[in-house]
Amino acid sequence: MDFDVNKRDSVTKDQYGEDARTVAYEFAEEIHEELEDLLKAVVLFGSVARSAEDSNDIDILLLVDDVRIKFTQELVQTYRVIVKKTVNDISDRLHITSMKFTSFWEYIRTGDPIATNILRDGYALLDTGVFEPLQHLLRQGRIKPSQEALWTYMNRSEKSISSADQQILEALHDLYWAVIDASHAALIQVGETPPSPRHVPSLLEQTLIERGDLYKKDAELVRKLYTMSKDVSKGKRSMIKPQELQRLRDRSKDFVDRVQDVVYEGD
């Protein structure tokens, strides 16, 4: 494997800052000494390498040979330890992405946009005759996005929307426990044994609200979040509008702040 800069594509090389290249080459040399034939290529890519001002990371792609070498659990663990140690020894600016060669090839075959961008802008610090030939094929227009890649990204985007919806529901559940835990703390402060969440609003009304420490709207909030959380758990509610979640969050924060005043004044 050759580390001679002069043999690299000078057009690609010139996109990268000298400081990033220096650090990246040092890492490539060190990691090659440790991993040897396990590596198919070490590639510099990413925003900072192209002198972007909004990032400080030096992105490195490690292509590993899973064609000739069988990956065992022990090999994977050893690989991770070596990569982490090498990064720690050289620079915390390094951000390493590892990819099996067969996976990278599959991305290239389908014209995956991320892999294509790495090919377009990447600078091979070390290559076994894999990365640069693919770069030339891309420049010749022989690697193009496929319908398979199109639908892969569409499916992924739909899953991401579903994941976002689920996280919103999880945030609702967090708000529920925020007001329940705060209510229990307030009830303990006035000498009451915390009841089950279902009975918390009523006990708040009979104690802290009646004596003027909290407001009727506080019990209504606890009751509302209890009902909404149970509806989610039972499958009766599958989403909540972000605007409504934000309002509930603001009301919950106000409630927790009032409870803190009650607790601190009682100490």
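Structure values in brief
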read-out: LEU245 versus ASP19: modelled label distance in nm, points set 7 Å from Cα along the beta carbon direction; value: 3.9 nm
read-out: Between 0 and 90°, nearest 10: helix 147-189 axis offset from the chain longest Cα axis; value: 30 degrees
read-out: Candidates per GluC sites (Glu not before Pro) in segment 169-267, loop by DSSP, up to 13 other Cβ within 10 Å; value: GLU210
read-out: Proximal lysines to LYS159, defined as alpha-carbon separation beneath 19 angstrom and excluding residues fewer than eight positions away on the same chain; value: LYS241
read-out: Amide N of segment 198-221 lying under 13 Å from the label point, which is placed 7 angstrom from the Cα of VAL263 along Cα→Cβ; value: none
read-out: For the chain, radius of gyration divided by Kirkwood radius, i.e. Rg to Rh on alpha-carbons; value: 1.21
read-out: Chymotrypsin sites (Phe, Trp or Tyr not before Pro) within segment 34-126, DSSP loop, no more than 14 other Cβ atoms inside 10 Å; value: PHE71
read-out: GNM flexibility winner over the chain from ILE188, ILE168, ILE31 (Cα, springs under 10 Å); value: ILE188
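All of the numbers you see were taken from the coordinates with simple rules; none came from a lab. Only a predicted model underlies this, so the values are computations on that prediction, with no experimental measurement involved. A quick note on method: Cβ atoms are made from the backbone with ideal geometry, for glycine too, and the neighbour counts reach across all protein chains shown.
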